Amino acid sequence: MKKYMYGVALAAAALLVPDMALAANLKGSLTSTTSNIAPAVTLISYAAWVFGALFVMTGLLKLRAHVDNPAQNPLKDALGRLFVGAMLGLLPAMIDFFRNTTAITSGTGAYSGLATLT
């Protein structure tokens, strides 16, 4: 009975948004989605840089505390914060890498990498 209700709910949702089911509007949907996501990607990039810098600074402070008193301040705290800061610093570059890999930067949402083979 539960599976039947899920099927009815899915069919009702598909009937409410028939434009999304049409292949002709897929390009327009991808284009608008790409342009609407661009400010969020910029915000995520800025936040990643700021928080990455904060984690690196606190990691360096923890590293100094470890050097001053290794018995009370374990090295894993400093290395963990340095690693998280480095990963957050790499996040904007990785976002650009994935956007460029899928060729979504032009806004068309189409993959054009194989056009040179034909």
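Residues in segment 24-35: is at least one exposed (fewer than 10 other Cβ atoms within 10 Å of the Cβ), at pLDDT below 80 and aliphatic (A, V, I, L, M)?
Within segment 24-35, the first condition is being exposed (fewer than 10 other Cβ atoms within 10 Å of the Cβ), and the residues that meet it are 24.
With the extra rule that they be at pLDDT below 80, the set shrinks to 24.
Subset that is aliphatic (A, V, I, L, M): 24.
So far as segment 24-35 goes, yes, one or more of its residues are exposed (fewer than 10 other Cβ atoms within 10 Å of the Cβ), at pLDDT below 80 and aliphatic (A, V, I, L, M).
Just checking, how many residues over segment 65-89 are within 33 Å of the chain's Cα centre (by Cα) and in a helix (DSSP H, G or I)? Give the steps one after another, and end with the answer.
Taking segment 65-89 and keeping what is within 33 Å of the chain's Cα centre (by Cα), we get 74-89.
So of that shortlist, the ones also in a helix (DSSP H, G or I) come out as 75-89.
Adding up the residues that qualify gives 15.
The values are calculated or read from the model by the stated rules, or taken from the named source; none is laboratory data. All values derive from a computational prediction rather than experimental measurement. No Cβ is skipped: glycine too gets one built from the backbone with ideal geometry, and neighbour counts run over all protein chains shown.
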